[in-house]
1. Roughly what angle does helix B:174-189 make with the longest principal axis of chain B, taking Cα atoms, 0 to 90 degrees, to the nearest 10?
2. In nm, what is the difference between 0.36 nm times the number of residues separating residue B:29 and residue B:117 and their Cα-Cα distance?
3. Report the FRET efficiency, 1/(1 + (r/R0)^6), for residue B:242 and residue B:63, where r is their Cβ-Cβ distance and R0 is 56 Å, rounded to 0.05.
4. Just from the alpha-carbon atoms, what are the Rg and Dmax of segment A:327-526 in angstroms?
5. Cα atoms only, segment B:235-294: Rg and Dmax in Å?
6. Taking the 0 to 90 degree range and rounding to the nearest ten, how far is the long axis of helix B:115-128 tilted relative to the main principal axis of chain B, both from C-alpha atoms?
7. Give the order of B:158, B:199 when sorted by the count of other beta carbons within 10 angstrom, beginning with the fewest.
8. Given labels modelled 7 Å from the Cα in the Cβ direction, how far is it in nm from residue B:182 to residue A:164?
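Quick note: the coordinates plus some simple rules give every number you see, no bench work behind them. On a predicted model such as this, the values are computed, not experimentally measured, just so you know. Positions of Cβ are backbone-derived with ideal geometry, glycine not excepted, and every protein chain shown enters the neighbour counts.
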């Protein structure tokens, strides 16, 4: 008996191609869609890079280095949004007002560019450098850190985390490099003479080239100060080491001109590494011994060394212009996604009534009455359209009530998008009903089509995680256009005029599909 | 409707040599027919004979390939009032999720009946279909017979001149069937022409004024039951005798078969029966069984269409 029951199931499946389609083909179709999305979209495969927009008022050396660093990262795709010149003096820049005379964009233009870039949906994140972004990293403690602004539309939170990490990595690397240089400089005071050999002229001393053949041997256990003293003795064995850094009364310890230091205590060619920067502005006192001076130097350098890797080099701020003026812009997207998905289902369900009426003979009864085929199709379309508008409205009203999506603020854009979306789905549903021969066929076909459209079009999975190819495919669905439109309205708060493309596509589809539905429906009239 | 009046009243519907090829098959092969006001015409034929195609052609849902379908006085240029047509499909062409009243309102409006007229007609039709006490019931909660009556009621709200019914009594109990035929009788009495297709022989025999038998897309017979019997069978009654043993003696008016265990005699009228049976006294052995039977539509039908199965 069990085998007989099993056989019934088998025979029913075998004799019903639609059921076979649902049982075997649909899972494969969906597997392919989701595999396409997740393998080349969300996953970290090379196919899907984070697209980063780069925008800065002026290009500086540090900025260019940062950009080069970002471009070298295999997970990022960095593209400049504004081409701007390298200025001769960044202090001339203004941060407000019209575009500056030398072609450097002002804040207003940059803001507009960022808004446009976000609306285009082509960027996961935008990096904005301020007009006063420095040319090089500050080395001293207490200096103002570099400011980097990450502008996000909130669609891809992972992008913020990733880019923040990469930018911080750049500055950490830069800091480490600077600190390493400082350490190298510190030790060069002790190593200089020992390493130096030969008559070569080194053009890096104060007041002239560094010349000499002296050597000394650094012994284990010697302090930095002791080694520095040895080095000075090697450099100038005649002079008392105390006189080198000592400030003789009545003499000018440091002689400088416009181009830099000429001599130190009358000695030219002093290696730069030996003279701390602060000594240039604050010469040592005459009563300090050479050793004390050297200890002071070492202490200062050591302090620099320790502080240079701990001070704040970059301050990253994250800005979400959309979230700044509304509470839950993302909720509106989810509301739209779900609303469109269910709208498609309910629309085809309502359109199926046409087939039901055809099967029962009700349509024949209508057709021989006063109602023509056009009236019937138009009436059905209008009913599905109005119901669709109502369905979306209820969804958004609920979202407004619970999540405060600022429906009233965007009522105009919402109305436009709702009307267009409902019109397109109504025509789609009517076309499906006129193409299919039975309700069973319509149910099977519509389930496959609607779920596929919703998966690819962004109702199930956000489109920003999809690969470009998947996004292109998504453009063939109502979901994608409707979601793009609602996104512009609720997320980017764009004006109605920005909805031209979405409105054109949706209304165009509504007209084309509606006319096709009318043409295909003639089979009922002609028999 | 009497036979004489049927021929004197001008037809409300005329079909002239209507031909229709449907899905690669010649479904109607030159159908010619007239339907008069007050006439209940039964269309009878095996499955696939072309009955439904013909109804769809008459109702305008199908366009004939050739021939004419004239709905008088619709095609009469001197008459502004078009012929009103009602169609009762074989399936329940009503909305099960609407109440009886709502269904009637909807289909009334679709036929152009509105306002007070519609309200009045709904009252009338509810009474006519014996559904007055179920006005507010959802259609799906009605019995099969009630749903069938509502199905018909929805087609008469505009007071049609011609009502086409496709198998109107399928799956209903005898009481409901009786009620449906009473409804049709009232319609014909009010002057409507009713054309129905059915497989119920008894219904056609007893209810219809005229019977048309269709087969293979053509009308093979058209007339009253007695006309058909007399035309295709001959005598309308038959006496059949069965014997246990072969009967060697001949019997007047009876025809024996071989091996003479059965004999048949046809009668023009039942009045001849006593005289025919009286000859049995001459027999040596009494018949084991005597069957007296009147010929009906089934005999005509089988005579015309044969006994092979259709579709």
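1. Approximately 70 degrees, to the nearest 10.
2. Numbers: separation 88, 0.36 × 88 = 31.68 nm, distance 4.17 nm.
The span from residue B:29 to residue B:117 would gain 27.5 nm if fully extended.
3. Values: r = 55 Å, r/R0 = 0.99.
After rounding to 0.05, the efficiency reads 0.50.
4. When restricted to the Cα atoms of segment A:327-526, Rg and Dmax are 17.3, 56 Å.
5. According to the Cα coordinates of segment B:235-294, Rg and Dmax are 10.8, 30 Å.
6. Relative to chain B, helix B:115-128 is tipped by roughly 20 degrees.
7. On the way: B:158 20, B:199 14.
Least to most surrounded, the residues fall as B:199, B:158.
8. 8.4 nm
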